[in-house]
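The structure appears below as structure tokens.
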Amino acid sequence: MKVAGARNQAEAEFLQGLLREEGVPSTLRRTAGFDVPDFLAAGPRDVLVARSTLETARDVLLQSDLGSVLPGGARTDPPWRVAAVLGAGLVVLALIVLLATL
């Protein structure tokens with residue numbers, strides 16, 4: 001059963017680690033429509049658990065304040081986070097261009 005969704009492989013492995021710490025085994029799979037091996041670690045992932053551990057897994061994620069990864073949870077980032085990521089990306093791009101011109 002799908003207990004959570006992640007934006008990429010790293011986030012999914014983080015969620016899987018949280019569940020493992022509480023004794024809940026889980027597995028990961030690429031979300032339908034993103035099951036192209038060329039994506040490597042990019043693309044959304046589903047975190048799956050056995051039906052018998054579904055409630056425990058949901059409780060673990062809710063107690064970890066990760067309700068937004070649960071199916072049906074809010075998945076929007078606050079505007080300041082979007083601006084910070086875009087700003088950091090522009091700084092990195094500027095550094096790459098600067099280093100390429102030297």
Handout entry: Number of the condition not met by residue 73 [criteria: (1) part of a loop (DSSP other than H, G, I, E, B); (2) modelled with pLDDT of 90 or more; (3) not aliphatic (A, V, I, L, M)]
Key = (2)
Handout entry: Filter result (more than 14 Å from residue 50 (Cβ to Cβ), surrounded by 12 or more Cβ atoms within 10 Å (Cβ to Cβ) and not hydrophobic (A, V, I, L, M, F, W, C)) within region 1-21
Key = 5, 7, 8, 9, 11, 13
Exercise for the section: Could you figure out which of (1) in contact with a strand residue (DSSP E or B) (Cβ under 9 Å, 6 or more places away or on another chain); (2) closer than 16 Å to residue 2 by Cα; (3) among the small types (Gly, Ala, Ser) isn't true of residue 43? Expected result: (2)
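For region 22-33, enumerate the residues that are surrounded by 14 or more Cβ atoms within 10 Å (Cβ to Cβ), part of a loop (DSSP other than H, G, I, E, B) and not charged (D, E, K, R). Break it down stepwise before answering.
Applying the first criterion (surrounded by 14 or more Cβ atoms within 10 Å (Cβ to Cβ)) to region 22-33 yields 22, 24, 26, 28, 30-31.
Adding the requirement that they be part of a loop (DSSP other than H, G, I, E, B) leaves 22, 24, 26, 31.
Within region 22-33, 24, 26, 31 meet the criteria.
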Fill in the blank from the handout: Given (1) closer than 10 Å to residue 3 by Cα; (2) loosely packed, with under 15 Cβ neighbours inside 10 Å, residue 59 misses just (1)
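Is it the case, given these coordinates, that residue 94 is in contact with a Ser or Thr (Cβ under 9 Å, 6 or more places away or on another chain), of a type in the set (A, V, I, L, M) and either modelled with pLDDT of 70 or more or surrounded by fewer than 13 Cβ atoms within 10 Å (Cβ to Cβ) (or both)? Spell out how you get there, then give the answer.
Details: in contact with a Ser or Thr (Cβ under 9 Å, 6 or more places away or on another chain): no; of a type in the set (A, V, I, L, M): yes; either modelled with pLDDT of 70 or more or surrounded by fewer than 13 Cβ atoms within 10 Å (Cβ to Cβ) (or both): yes.
Criteria not met by residue 94.
The values are calculated or read from the model by the stated rules, or taken from the named source; none is laboratory data. Here the structure is a predicted model, which means the values were calculated and not measured. No Cβ is skipped: glycine too gets one built from the backbone with ideal geometry, and neighbour counts run over all protein chains shown.
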